[in-house]
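Contents: one structure, followed by commentary.
Every number here is computed from the coordinates shown, using simple stated rules; none is lab data. The structure presented is a predicted model; accordingly, all values stated were derived computationally and were not measured. All Cβ positions, glycine included, derive from the backbone under ideal geometry; neighbour counts span all protein chains shown.
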Amino acid sequence: MAEIVLGIGSAHTPQLHTMAKDWHIRGNRDMQDGVPFFYKGERMKYAELEKARAADGFRAEVNLEEGQRTLEKCYQTIDELHETFKAANIDVAVIFGNDQREIFKNDLRPAFTVMACDEFVNKPRTDEQKTRLPPGIEISDHGHLPDDEIVLKGAPELGLQVVDSLIEDEFDIAISTEQHFPPEEVSELGGMPHAYGFIYKQIIRNNHLPTLPVDLNTFCPPNQPRVGRCIDFGKAVGKAILNWESDARVALIATGGMSHFVVEPEFDHKIINAMIDHDWDHIRSYHNGHFQAGNSEIKSWIACSAALAEAGLAGKLVDYQTLYRTPGGTGSSCCFMTWE
Ligand SMILES: [Fe+2]
């Protein structure tokens, strides 16, 4: 049977690939309520957020020097995660991630999708696609998009095994055996969502091993699987992989999170500790308001950590950094974990 030998969790965020001196592009947009904000599970406007956080102690961190130093620390940690991945001699990587309206548009958006494709194409955006982006995104594209078109191997055999096992366990999931592309006239990219592109580029790097993207619609209401369902889903995926008749060494990777676009370290650490301790009841206690906007990607981590728990691997926090870009505490928190 296949063996799950490694877990990796890594933040991905445009802010990670934007020099601190340019964070104001997104910061200014934040202050004009250009993105949805949720703080402590409640939707709020930027002005309300700044007021609500007036007594929080993060303000000393809102400066360019501190921001750039924090970025450099994140790059070191990402290098370490890549080395850990390389040393584990992995045959197949299963990536728990999300599409952020990049390939699934309004015509169809499944709650869970197993991408059991033979291969995946990833490529830079066209000039026309770049015109459809919000401010401050193109500048960070180098973090997840290749310089030229690349073709990555899929893991269709494992994908079919996972789908069959999930359906047997009464999860009604979607499957794609050919890469899904949105219509050209609305597309913002021509390859894989940034959640997966980041892992290909930053963690797996030039090691072109087969990958199985397992997509959770964390981001887009209303059919976001609730957090309890993500725990159960992750456990079922873990079981499916462990029952795969193969001698493959499998890594599970979570991509995204933790809290953003409002940085909430206290919430993040409660979730991180609960994932390490398998305290699923604690995680189930949060309502869906806690998992909106960028925070929603924490569900990919939760599903991945539940799958890793099935394999008996122990989670460890490698690094946690906060990237603040406004006095209201908007920005990105960056968490990095391993399970071995
Ligand atoms: Fe993301």
field: Amide H contacts under 5 Å for GLY154, placed H, 5+ residues apart
entry: GLU119, PHE120, THR211
message: Angle check, please: helix 64-87 long axis (alpha carbons) against the longest principal axis of the chain (alpha carbons), in degrees 0 to 90, nearest 10.
response: 10
field: Residue-averaged [θ]222 nm for the chain, counting only DSSP H segments that reach four residues, each worth -39500 (n - 2.57)
entry: -9500 deg cm²/dmol
query: Using modelled backbone amide H atoms (1.01 Å from N, in-plane), which distant-in-sequence or interchain residues come within less than 5 Å of VAL318's amide H?
result: PHE336, MET337, THR338
- prompt: Just for the range 3-339, what percent of DSSP beta bridges are antiparallel, to the closest 5?
  reply: 55
- prompt: In sequence order, what are the phi-derived ³J(HN,Hα) couplings for the range 5-17 according to the Karplus relation 6.51 cos²θ - 1.76 cosθ + 1.60 with θ = phi - 60°, rounded to whole Hz, with x for glycine and proline?
  reply: 10, 7, x, 9, x, 9, 4, 9, 6, x, 5, 5, 10
- prompt: Could you name the lysines in cross-link range of LYS73, using Cα to Cα under 21 Å and dropping any fewer than eight places away on the same chain?
  reply: LYS21, LYS86, LYS201, LYS316
- prompt: For the range 250-301, what D do you get in µm² per second when you plug the Kirkwood radius from alpha-carbon pairs into Stokes-Einstein at 10 °C and 1.306 mPa s?
  reply: 140
message: Distances longer than 19 Å among the Cα atoms of the range 125-281: what percent of all pairs is that?
response: 65
Computed over the chain: relative contact order in percent, which uses C-alpha pairs under 8 Å that are six or more apart: 34
- prompt: In nm, to one decimal, how far is the ARG249 label point from the CYS220 one, both placed 7 Å along Cα→Cβ?
  reply: 3.8
query: Using all Cα-Cα distances in the range 1-52, what percent lands in each 5 angstrom bin from 0 up to the longest?
result: 4, 15, 17, 16, 17, 10, 5, 5, 6, 4, 1
statement: Whole-Å distance linking the alpha carbon centroid of the range 205-231 with that of the range 146-188 is 11
field: Among 191-198, 230-237, the order from most to least packed when residues are scored by Cβ within 10 Å on average
entry: 191-198, 230-237
Burial order of peptide ranges 283-294, 87-98 (average beta-carbon count within 10 Å, highest first): 87-98, 283-294
Bins of 10 Å from zero: percent of alpha-carbon pairs in the chain: 6, 28, 37, 24, 6, 0
statement: Once ASP127 and GLN68 are pulled to full extension, the length gained, defined as 0.36 nm per residue separation minus their Cα-Cα distance, is 18.3 nm
Bins of 5 Å from zero: percent of alpha-carbon pairs in the range 54-138: 2, 8, 10, 13, 15, 18, 16, 12, 5, 1, 0
- prompt: Got a sec to turn the phi values of the range 300-313 into Karplus ³J(HN,Hα) couplings, 6.51 cos²θ - 1.76 cosθ + 1.60 with θ = phi - 60°, whole Hz, x for Gly and Pro?
  reply: 5, 5, 5, 4, 5, 5, 5, 5, 5, 5, 4, 7, x, 7
message: Cross-link candidates for LYS235: which lysines have Cα within less than 16 Å, leaving aside residues fewer than 8 places away along the same chain?
response: LYS299
- prompt: Each residue of the range 25-38 in order: what ³J(HN,Hα) in whole Hz does its phi give by Karplus 6.51 cos²θ - 1.76 cosθ + 1.60, θ = phi - 60°, with x for Gly and Pro?
  reply: 4, 6, x, 5, 5, 4, 6, 9, 6, x, 9, x, 10, 10
- line: Taking 206-213, 63-70 and ranking on average Cβ neighbours within 10 Å, highest first, one gets 206-213, 63-70
- request: List the residues whose amide H sits under 5 Å from the amide H of VAL94, counting only those 5 or more places along or on another chain, with H placed 1.01 Å from N in the peptide plane.
  value: LEU212, ALA251, LEU252, ILE253
Net length gained if the chain between GLU48 and GLN32 were fully extended (0.36 nm per residue, minus Cα distance): 4.6 nm
